[in-house]
């Protein structure tokens, strides 16, 4: 038997991107005619089978669910996977996990790897790069070929599929109002760059809470952090240039890093500055002081995603296009980093 | 095409364990003749193909590596996976991850899922239950059929394959000696139950360090924790009944939990009690005070495991049985929970 040909190999041989090969094979007009012909001829030469997703469908059930997440060294995603596992195992399915490493190309390659007969359907959270590019052709293609897909957390509105999200706007708004109720007058926001959908939505919640309380948004109190690994410096600079009595962070890492910076500068928590994070991970629980946070309920999100996918896999209505977006409600976990209400 | 039959389904139908089916299909004498015949007849009836691992071999390269880990909500394992990813991607391989959830049955099922043509070789760390049962027939079977396997961290000495471990005994011994050098006279040990190989080895290192320094092991200072999620209570009881000026924990969770208990009781860290953990994860880094720890270098361990597997996959010597055990050296990351040397 011959060695299997992959999109990645074709891309490498022709020195074009994975996305170009993937689109050229579907004869997408986004790709020049010349490139399309070249890719298609080469794929034919190598006996590449572009429609291998379809082969696995309907005829055969693998009882496997494929999960693609952006990062694995990330507590929230691991809790979602544990929820997916629990629900899937209950229904007799196995779970196979692949990582996109926040890369668009890897996301496309992962889908190719898994869809090639190994799984019955996907659960996916988008990579940052895919969100920035807004290129979802690989997802659309899987759906077109009848492969069920459920997106969670980092979703694309325009893709017709089932989705599970949390109430990011609402959760952030509740958190900021909670801080105001405990006496905070000037609340800084530690967020991510705008193309990460959850950062954007939580920023929206922060703004809404301030506006609804008759306050004004002070742009100098908003910090958008691009490089998570080096957030210390940007956070220290915020302390240098702005005064505030509360910090709301869109994740727990930013919150805990900011608490350390505050303690280094001699501030008392929560007497001088209150802190709240988003995501109730181990960092929040074991931080000193323990961090008050918006709990995202990752395991429940995973359970819901698995439930929706399995329902679709086991449904007889093959072309049911009434897609649902389920919202998992966040809740506030009160700990020691905020004043009592 | 018929629905694929799995070991799990056969087990369920016949109301026996997954392990029994797996062994009966290989005609293992451990299983009664009656059960063997029943399982084999039933498998034949359903057209179960027991040797599907072999089908995928030699004839076909998937360029996928399968990884089976015990837990995903566990920082160390996620760092190992990030190392495997990095090395595998460099060599043009994709990585597929499955979780055993510390269950023997799930480990067997995962191997069946993945070995069924989806991957070229395995990287695996044993589940607690497999370590307790000492049943490795599924690994031996994969190896017998020519499927390369690399074990890491939680390994089985008796399985003939490449392995990557850290110097658990040495690392723990170095840590305890480090604490003694900073003035600790009575060092408590927070360990796991003995069937978890790394807990056992690190306990050995603790004992060795004390003995080599002419000290005696005081059993009342050793705590073996079974249930990680409820370790608080056991740790509090240790504080109640024993006096000590140092705590060495075989993981960071125990160390951080013990630090919180000490702070609750008004002890100063490190002035009154010093603390050291094992595994340099986010908890250690962000704990307050930041935890001095034995760094396990998870990413390097993953890179090494992937390198060894890929070397074997791409080697022409198909029956090379000169297996290697690589040792990743730990190092001490000095932070704020121990006195300066």
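The values are calculated or read from the model by the stated rules, or taken from the named source; none is laboratory data. Please read all numbers here as calculations on a predicted model, not as lab measurements. When we count neighbours, we look across all protein chains shown, and the Cβ atoms used for this are built from the backbone with ideal geometry, even at glycine.
Has the stretch B:318-336 got any residue that is out of contact with any strand residue (DSSP E or B) (no Cβ under 9 Å at 6 or more places or on another chain) and closer than 24 Å to residue B:96 by Cα? First the steps, then the outcome.
At the first step, the residues of the stretch B:318-336 found to be out of contact with any strand residue (DSSP E or B) (no Cβ under 9 Å at 6 or more places or on another chain) are B:318-322.
From what's left, closer than 24 Å to residue B:96 by Cα: B:318.
So far as the stretch B:318-336 goes, yes, one or more of its residues are out of contact with any strand residue (DSSP E or B) (no Cβ under 9 Å at 6 or more places or on another chain) and closer than 24 Å to residue B:96 by Cα.
Of B:92, B:83, B:146, which residue is touching a residue at least 40 places away in the same chain (Cβ under 8 Å), on the phi > 0 side of the Ramachandran plot, outside the structural domain of residue B:25 (by TED's automatic domain parsing) and touching a helix residue (DSSP H, G or I) at 6+ places or on another chain (Cβ under 9 Å)? If you could, list the steps in order and put the result at the bottom.
Details: B:92 fails: touching a residue at least 40 places away in the same chain (Cβ under 8 Å); B:83 fails: on the phi > 0 side of the Ramachandran plot.
Only one candidate passes the filter, namely B:146.
Could you grab me the full set of residues in the stretch A:12-44 that are within 28 Å of the chain's Cα centre (by Cα) and assigned to a loop (DSSP other than H, G, I, E, B)?
A:16, A:17, A:26, A:28, A:30, listed by residue number.
Going through A:44, A:38 one at a time, which residue ends up being away from chain B (no Cβ under 14 Å), more than 16 Å from residue A:112 (Cα to Cα) and touching a helix residue (DSSP H, G or I) at 6+ places or on another chain (Cβ under 7 Å)?
Details: A:44 fails: touching a helix residue (DSSP H, G or I) at 6+ places or on another chain (Cβ under 7 Å).
Answer to the check: A:38.
With the structure loaded, tell me whether residue A:242 is in contact with a strand residue (DSSP E or B) (Cβ under 7 Å, 6 or more places away or on another chain), surrounded by 20 or more Cβ atoms within 10 Å (Cβ to Cβ), in contact (Cβ under 8 Å) with a residue 24 or more places away in the chain and not assigned by TED's automatic domain parsing to the domain that holds residue A:121 or whether it fails that test.
Values: in contact with a strand residue (DSSP E or B) (Cβ under 7 Å, 6 or more places away or on another chain): yes; surrounded by 20 or more Cβ atoms within 10 Å (Cβ to Cβ): no; in contact (Cβ under 8 Å) with a residue 24 or more places away in the chain: yes; not assigned by TED's automatic domain parsing to the domain that holds residue A:121: yes.
Here the answer is no, as residue A:242 does not meet what is asked.
Give me the residue from the stretch A:286-309 that is away from chain B (no Cβ under 13 Å) and out of contact with any strand residue (DSSP E or B) (no Cβ under 8 Å at 6 or more places or on another chain) and, out of that set, surrounded by the most Cβ atoms within 10 Å (Cβ to Cβ).
Here the answer is A:303.
Name the pairs whose Cβ atoms lie under 6 Å apart, with the first residue in the stretch B:294-313 and on the phi > 0 side of the Ramachandran plot, the second not in a helix (DSSP H, G or I), and 6 or more positions between them or separate chains?
B:297/B:328
Quick one: would you say residue B:223 is within 21 Å of residue B:282 (Cβ to Cβ) and either touching a helix residue (DSSP H, G or I) at 6+ places or on another chain (Cβ under 7 Å) or surrounded by fewer than 16 Cβ atoms within 10 Å (Cβ to Cβ) (or both)? It would help to see each step written out before you state the result.
Details: within 21 Å of residue B:282 (Cβ to Cβ): no; either touching a helix residue (DSSP H, G or I) at 6+ places or on another chain (Cβ under 7 Å) or surrounded by fewer than 16 Cβ atoms within 10 Å (Cβ to Cβ) (or both): yes.
No, not satisfied.
Yes or no: residue A:115 modelled with pLDDT under 90 and either assigned by TED's automatic domain parsing to the domain that holds residue A:65 or out of contact with any strand residue (DSSP E or B) (no Cβ under 6 Å at 6 or more places or on another chain) (or both)? Reasoning before the result, please.
Numbers: modelled with pLDDT under 90: yes; either assigned by TED's automatic domain parsing to the domain that holds residue A:65 or out of contact with any strand residue (DSSP E or B) (no Cβ under 6 Å at 6 or more places or on another chain) (or both): yes.
Answer is yes for this residue.
Looking at B:240, B:218 in this structure, which one is more than 15 Å from residue B:184 (Cβ to Cβ) and more than 22 Å from the chain's Cα centre (by Cα)? Full working, then the answer.
Numbers: B:218 fails: more than 15 Å from residue B:184 (Cβ to Cβ).
Every option except B:240 fails the conditions.
Given the options B:101, B:135, name the one that is within 14 Å of chain A (Cβ to nearest Cβ) and under 18 Å from the mean Cα position of the chain (by Cα). Before you say what the answer is, go through the steps one by one.
Working: B:135 fails: within 14 Å of chain A (Cβ to nearest Cβ).
Matching residue, one of B:101, B:135: B:101.
Of the residues that make up the stretch B:2-11, is at least one away from chain A (no Cβ under 14 Å), under 23 Å from residue B:142 (Cβ atoms) and outside any helix (DSSP H, G or I)?
So in the stretch B:2-11, the residues away from chain A (no Cβ under 14 Å) come out as none.
Among the residues of the stretch B:2-11, not one is away from chain A (no Cβ under 14 Å), under 23 Å from residue B:142 (Cβ atoms) and outside any helix (DSSP H, G or I), which makes the answer no.
More than 24 Å from residue B:128 (Cα to Cα), more than 9 Å from chain A (Cβ to nearest Cβ) and surrounded by fewer than 22 Cβ atoms within 10 Å (Cβ to Cβ) - does that describe any residue in the stretch B:104-117?
To start, the set of residues in the stretch B:104-117 that are more than 24 Å from residue B:128 (Cα to Cα) comprises B:116-117.
Then keep just the ones that are more than 9 Å from chain A (Cβ to nearest Cβ); that gives none.
Checking the stretch B:104-117: not a single residue is more than 24 Å from residue B:128 (Cα to Cα), more than 9 Å from chain A (Cβ to nearest Cβ) and surrounded by fewer than 22 Cβ atoms within 10 Å (Cβ to Cβ).
Taking residue B:134 as the residue in question, decide whether it is surrounded by fewer than 24 Cβ atoms within 10 Å (Cβ to Cβ), at negative phi and without any contact (Cβ under 8 Å) to a residue 40 or more places away in the chain.
Numbers: surrounded by fewer than 24 Cβ atoms within 10 Å (Cβ to Cβ): yes; at negative phi: no; without any contact (Cβ under 8 Å) to a residue 40 or more places away in the chain: yes.
No: the conditions fail for residue B:134.
Restrict the check to the stretch B:312-320 and report whether at least one residue is modelled with pLDDT of 90 or more, assigned to a helix (DSSP H, G or I) and within 22 Å of residue B:73 (Cβ to Cβ). Walk me through it before giving the result.
Of the residues in the stretch B:312-320, the ones modelled with pLDDT of 90 or more are B:312-313.
Adding the requirement that they be assigned to a helix (DSSP H, G or I) leaves B:312-313.
From the residues that got through so far, the ones that are within 22 Å of residue B:73 (Cβ to Cβ) too are none.
No: the stretch B:312-320 contains no residue that is modelled with pLDDT of 90 or more, assigned to a helix (DSSP H, G or I) and within 22 Å of residue B:73 (Cβ to Cβ).
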